[in-house]
1. Would it be correct to say that LEU38 is among the aliphatic types (A, V, I, L, M) and either within 13 Å of ILE14 (Cβ to Cβ) or surrounded by fewer than 15 Cβ atoms within 10 Å (Cβ to Cβ) (or both)?
2. Among the residues in the range 22-42, are any assigned to a helix (DSSP H, G or I), touching an Asp or Glu at 6+ places or on another chain (Cβ under 7 Å) and not assigned by TED's automatic domain parsing to the domain that holds GLU119?
3. Going through SER110, SER72 one at a time, which residue ends up being under 30 Å from GLU32 (Cβ atoms) and hydroxyl-bearing (Ser, Thr, Tyr)?
4. Checking the condition at pLDDT 95 or above and either among the charged types (D, E, K, R) or more than 21 Å from ILE90 (Cα to Cα) (or both), which residue from ILE13, ILE74 passes?
5. For the range 73-103, how many residues meet the condition of being touching a residue at least 24 places away in the same chain (Cβ under 8 Å) and either over 25 Å from GLY22 (Cα atoms) or under 12 Å from the mean Cα position of the chain (by Cα) (or both)?
6. Select from the range 14-35 the residues that are surrounded by 13 or more Cβ atoms within 10 Å (Cβ to Cβ) and more than 19 Å from GLU78 (Cβ to Cβ) and list them in ascending order.
7. When both residues are 6+ apart or on different chains and their Cβ atoms are under 7 Å apart, which pairs have a first residue that lies in the range 104-130 and is at pLDDT below 95, and a second that is polar (S, T, N, Q)?
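The values are calculated or read from the model by the stated rules, or taken from the named source; none is laboratory data. Remember, it's a predicted structure, so these values are computed and weren't measured experimentally. Every residue, glycine as well, gets a Cβ built from its backbone with ideal geometry; the counts of neighbours run over all protein chains shown.
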Amino acid sequence: MEKSYSFAELVDIIRNLRSENGCPWDREQTHESLKPCLTEECEEVIQAIDNKDDENLCEELGDVLLQVLMHSQIAEEEGRFTIDDVINEIARKMIRRHPHVFGDGHADTSAEVLLNWEEIKKAEKAAKAAKHHEIP
């Protein structure tokens, strides 16, 4: 039976690929150089969905996850953010934008969910803009 890997082990694999003793190609990559790879992998996910090919979809989602991990590892090396920051940010966003699930909000239909989502998103952007315009 083949070994099954955890998320933490995958993160370590990417870290090793980018390490001094890792892969020369992986070490050379930057956010900019990986942009075409991310675009290609996203297109391949869409193609697998269109083809209703679960086996290929699983593989292609892994390739998109690889892109997320590579970008996160590069950012960590630059002292900007980590994969844990990415995970925390998306978890917080999902909780904020689903008050009908995680809070006292209300939404009985998909249309109500989308309306609430857009209103919350607008409020978040306004708060972010106000924060960036604050005088320190």
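1. no
2. Scanning the range 22-42 turns up at least one residue that is assigned to a helix (DSSP H, G or I), touching an Asp or Glu at 6+ places or on another chain (Cβ under 7 Å) and not assigned by TED's automatic domain parsing to the domain that holds GLU119.
3. None of the other options fit; the residue is SER72.
4. Values: ILE74 fails: either among the charged types (D, E, K, R) or more than 21 Å from ILE90 (Cα to Cα) (or both).
Exactly one residue qualifies, and that residue is ILE13.
5. 3
6. Matches in the range 14-35: none.
7. That search, which allows pairs on different chains as well, returns GLY105/ASN116; ALA107/ASN116.
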